[in-house]
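Down below is the structure, laid out as structure tokens.
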Amino acid sequence: MKKRYGTKAIHSGEHPEWFNQAVTGDISPSTTYVIPNAKSLEGWDGYIYSRISNPTRKSLEEKIASLDDCESAIALSSGMAAVSVGLMSCLSAGDMIIAQNSLYGGTYDLVVNVLPKFGIKTLFVPKEKLYDLSWAPKEAKVAYIETPSNPTLGITDIRATCTAAHGRDMLVVADNSFATSYLQKPANLGVDLVLYSATKFMAGHSDCLAGAITGRKDLVEKAYRLMTQFGSPLDPFSCFLLARGLKTLELRMNKAQSTAMEIARFLANHPKVSRVFYPGLWNSPERELALTQMKGWGGMVTFEMKGGFEGASALFDNLQLIFRAGSLGGIESCISIPVLMSHHHLDEAALKEADITSGMLRFSVGIEDNSDLIEDLTQALDKVK
Ligand SMILES: Cc1ncc(COP(=O)(O)O)c(C=O)c1O
């Protein structure tokens, strides 16, 4: 029977027979497992050591793969573990990444300040340059995209990037953290390796740091090997929390994105706001493209205050309900200041290229009552001079 997303979120990867017929899979904290005898080690495919495999992680990985329509997935200790393992597993010294110039600040920091030490360079380009890669140098091996991007919610054309990159024998690696597999399935659009900060919408409760990689089976296997070599799998307790979060992802995302649309419209009509970034807004330049590859607009809204940093910080300081906090994708609403938080690694020139300004605020819309969120924004905006 072909199962739909919400059903797969509940049932995929669940194996009552592994856990005494329990409806909810157990947390298996053991780091090591008993081997019956020496002879059984020949061709052994059971558990030996938890860095290599663990039943709670295996169950979670089956669920993530199924939700992405992929054959395999791995669960890692954070989103940055997924980004670094994902990239390093398909690159060698001398290779180059061609990346869109609007990316999460931690990813920017990794490719600018760490990977060059291992001989891997990155060239940043406006995302449109990824749709025709005939100009790319021959050492370019990976096209790296993040869509929607953090924090400006830019949409990159996944199909066009894949066609251009594959025509040059390059791989496409995509960060799908903001959309999640509920709203967008990059592997079905041609992406080779899909990365997630599962800390965000996937786990969804701001209590679990996690990452995931899905995509082409052969590439996920290479990433799995590097994950075990680097020692960065997800621990069983967090595996349990992430699996539980995934079961309600569809419900949470539906609520968050319906409120996000309301908030984006409210902000777009507010005299103290200069720009609103939300792909679902009728006048968003990203709307048409988003419609071709996403099935919803997501729960993130970014906006820019007319008063620049002074305006943004006044609003930030006057929030009473919405948390002033750096993460996103949780059930509780959080607002952050990208230039001081998620993107503090970027210098002036990189911020300019990514169109990130000091008057910007990034709003991760939670699942509270929408009217309460608008009331909080209204009272905070009233206090901005
Ligand atoms: C788009 C994106 N990718 C990756 C990461 C890194 O994830 P983590 O904080 O789970 O390591 C983040 C974190 O904010 C992010 O926003």
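The values are calculated or read from the model by the stated rules, or taken from the named source; none is laboratory data. This structure is a prediction, so every number in the text was calculated from the model and none was measured. So basically every Cβ, Gly included, is an ideal-geometry build from the backbone, and we count neighbours across all protein chains shown. Quick note on the areas: whole protein, heavy atoms, side chains included, nothing else; ligands and nucleic acids left out. Shrake-Rupley method; radii C 1.70, N 1.55, O 1.52, S 1.80 Å.
Observations on the model:
- Of all aspartates and glutamates in the structure, the ones whose alpha carbon falls short of 12 Å from that of residue 200, not counting any fewer than 8 places away in one chain, are 332.
- Cα convex hull volume per residue for the chain (Å³): 146
- Using alpha carbons only, the radius of gyration of region 5-130 set against its Kirkwood radius gives Rg/Rh = 1.09.
- Surface/4 estimate of mean projected area, convex hull on alpha-carbon atoms of region 51-192, nm²: 8.5
- The fraction of accessible area contributed by carbon and sulfur in the chain is 55 percent, rounded to a whole number (1.4 Å probe; ligands and nucleic acids excluded).
- Environment charge at residue 139 (Cβ cut-off 13 Å; Lys +1, Arg +1, Asp -1, Glu -1): +2
- Listed peptides 269-276, 17-24 by packing density, highest first (mean Cβ within 10 Å): 269-276, 17-24
- In straight-distance terms, cross-link reach from residue 383 covers every one of the aspartates and glutamates whose alpha-carbon lies under 19 Å from its own, apart from those fewer than eight places away in the same chain; here that gives 304, 310, 317, 372, 375.
- Taking all Cα pairs closer than 8 Å and separated by 6 or more residues, the relative contact order of the chain comes to 17 percent.
- The residues of the chain expose, per residue, 43 Å² of accessible area to a 1.4 Å probe.
- Interchain or long-range residues, amide H under 5 Å from residue 77's placed H: 211, 234
- Kyte-Doolittle mean at least -0.5 and Cα axial length at least 24 Å: DSSP H helices in the chain: 249-268
- Using the average count of surrounding beta-carbon atoms within 10 Å as a protection proxy, the listed peptides 147-160, 122-135 rank, highest first, as 147-160, 122-135.
- By definition, a body whose alpha carbon gyration tensor gives a ≥ b ≥ c is rounded when a/c is under 1.5, and region 249-382 falls into this rounded group.
- Of 138/185; 2/127; 121/295; 247/352; 185/255, pairs whose Cα-Cα distance is over 27 Å: 138/185; 2/127; 121/295; 247/352
- Every helix of 4 or more DSSP H residues in the chain counts as -39500 (n - 2.57), and over all residues that averages to -10000 deg cm²/dmol at 222 nm.
- Relative contact order of region 249-382: 28 percent, from C-alpha pairs under 8 Å at least 6 residues apart in sequence.
- Distance between the pseudo-spin-label points of residue 69 and residue 323 (7 Å out from Cα toward the beta carbon): 3.4 nm.
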